[in-house]
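This report concerns only the one structure given below.
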Amino acid sequence: MRQGSLRRAFPALLATALGIAGLGSGMTRADVFPVSIVDARGQTVVIERRPERVAAISTFGADLLSALGGRIAGLSTLNGKHSAFLGEAATGTVDLGEIHQVNLEVLTQLSPDLIIGLRTYTQPFEKKIEETGTFVALDLTTLDDSLSAVTRVSRALGFEEDGEALNARFLADLDAHAAKAPGGVSAVFLWDWADVPYAFYNHYFTTQIMDRLGATNVQGDSPTPELQMPDSAAISLETLLRLDPDVILVFKGEDGPFADHPVWPRLKAVKNGRAWRVNDQYVMSHGPLAREMVLREMAHLLYPDSFPEPTDIPEAARATPMTFVE
C-alpha cells in the first residue's frame with residue numbers, strides 16, 4: 001500500500017472494526033456542547049461548540065482527527081516535513097511551521113476553533129496561541145498519557161464515545177500481541193540527534209509497548225522515576241556495544257544514512273541484520289494511528305517468525321535497514 005492510501009485504508013479499517021463513522025461522515029451526535037476538559041496545564045478548557053476547524057501543533061491532533069474520520073486544518077512539521085505515517089491526512093493542510101516554534105501569524109490567519117498542542121513545545125508561546133483560538137495542551141509520554149489524551153480530546157471534538165472505543169480497541173490489540181509474543185529478546189529504541197544517539201527509558205510509550213511484547217529494553221529505567229522527563233538520555237556507542245541488544249530501532253529525523261563509526265559493525269543487531277531505521281510514529285506514538293502501527297510493526301521486527309509484516313502502513317513510514325556512510 002502506498003503512502004497516499006493511509007487516509008482511505010487504515011482509519012477506515014479502524015472505523016469498520018469499531019462500528020463508528022466519525023467527523024465529516026454525516027454521522028449525527030447529540031449536541032453536548034459546551035463541554036469542558038482539564039488539559040496538561042491543569043487548566044479547565046471550555047469548548048463552546050463543536051469545532052469545525054482544528055489545528056495541531058504535533059501529529060497527535062491530526063492522528064486522532066483522522067482516526068475519527070475527520071481532517072485537520074493546520075499542522076506543524078518536524079524538520080520541515082509532515083509525518084509520513086499520516087499519509088493523505090496531512091495533504092492540503094496549512095503548514096504551521098516547525099513544532100518547536102509555530103508560525104503564530106499563519107495560525108492567526110487560520111483562525112481555528114480548536115488548537116491541540118504538546119505542552120513541551122507550546123509553553124513559551126501559549127498565551128499567544130490562546131489568542132488565536134481555544135487551546136488544549138497535552139503531555140504525551142506514557143501509555144496512560146495516550147489513553148487520557150484520546151479520551152479528553154475526543155470529548156472536546158464531540159466524539160468521546162468513539163475515542164473510548166479507539167482506546168478499547170488498542171488495549172485489546174496490545175493484549176493479543178502480548179499473549180502471542182514469545183519473548184526472550186533484548187532491544188533498544190534510539191533517537192539519532194545530530195549523530196548522537198539518545199536511548200529511551202522504560203516509561204516512554206514506545207518502550208512500554210516493547211516491554212508488553214516481552215522484549216527487554218537495555219536502556220532500563222530512568223534514574224529519576226518520579227519524573228516523566230527526561231524520557232531518554234544520550235548513550236555512547238561504546239555503552240551500546242557493551243549492552244549489545246538483539247534488535248536496534250532508531251529514528252533519525254534528518255535524511256541520509258547514519259554516520260559511520262567503528263562500533264556499528266561490531267554490534268550483534270547490525271551483524272544479524274536486525275538494526276532498523278524507523279519512522280517518526282515511534283517518537284509520536286500516542287495517537288490512535290501511530291500506536292497501532294508501532295505495535296504491529298515492532299512485533300514483526302522483534303519476532304518475524306511470529307508476526308507478519310504489516311502491509312497497510314504507508315511505504316514511506318515503514319522500517320528499513322540501517323545504512324551507514326562509507
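Coordinate-derived values only; no laboratory data. Please read these numbers as outputs of a predicted model, since none were measured by experiment. Note that we place each Cβ from the backbone using ideal geometry, even for glycine, and neighbour counts take in every protein chain shown.
Of all aspartates and glutamates in the structure, the ones whose alpha carbon falls short of 17 Å from that of Lys180, not counting any fewer than 8 places away in one chain, are Asp211, Glu292, Glu297, Asp305, Glu309. Working from label points 7 Å from Cα in the Cα-to-Cβ sense, the Lys127 to Asn272 distance is 5.5 nm. Sorting the segments 226-236, 71-81, 281-291 by their mean number of nearby beta carbons within 10 angstrom, highest to lowest, gives 281-291, 71-81, 226-236. Within the listed set Pro310, Pro262, Pro225, the Gaussian network model of the chain (springs between alpha-carbon atoms below 10 Å) gives the highest mean-square fluctuation for Pro262.
Overall shape: oblate for segment 153-198, with the ratio a/c of the largest to smallest alpha carbon gyration tensor axis at 1.5 or above and b/c at least equal to a/b. The calculated FRET efficiency for the pair Glu309 and Asp244, based on their C-beta separation and a Förster distance of 30 Å, comes to about 0.75.
Just checking the listed ones, Val153, Val247, Val106: in the Gaussian network model of the chain with Cα springs under 10 Å, the one fluctuating most is Val106. Ellipticity at 222 nm from helices only: DSSP H runs of n ≥ 4 in the chain, each -39500 (n - 2.57), divided by the residue count, give -10000 deg cm²/dmol. Each other residue within a Cβ distance under 13 Å of Arg169 adds +1 if Lys or Arg and -1 if Asp or Glu, for a net charge of -4. The long axis of helix 6-18 is offset from the longest Cα principal axis of the chain by roughly 80 degrees.
What is the local net charge at Gln101, summed over the other residues whose Cβ is closer than 14 Å to its Cβ (Lys, Arg +1; Asp, Glu -1)? Taking every other residue near Gln101 into account, the sum is -3.
On a 0 to 90 degree scale, rounded to 10, what angle separates helix 288-302 from the longest Cα axis of the chain? Long axis of 288-302 versus the principal axis of the chain: about 10 degrees.
Antiparallel versus total DSSP beta bridges in the chain: what percent is that, nearest 5?
Roughly 35 percent of the DSSP beta bridges within the chain come out antiparallel.
The C-alpha atoms of the chain define a longest principal axis, and helix 160-180 lies at about 20 degrees to it.
Placing a pseudo-label 7 Å from each Cα along the Cα-to-Cβ vector at Glu105 and Thr91 gives an inter-label distance of 3.0 nm. One chain, two ends: Asp144 and Asp31. Fully extended at 0.36 nm per residue, the span grows by 37.9 nm beyond their Cα-Cα distance. Largest GNM mean-square fluctuation among Ile37, Ile99, Ile209, using the chain with Cα springs under 10 Å: Ile37. Here the relative contact order of segment 115-186, from alpha carbon pairs under 8 Å that lie six or more residues apart, stands at 21 percent.
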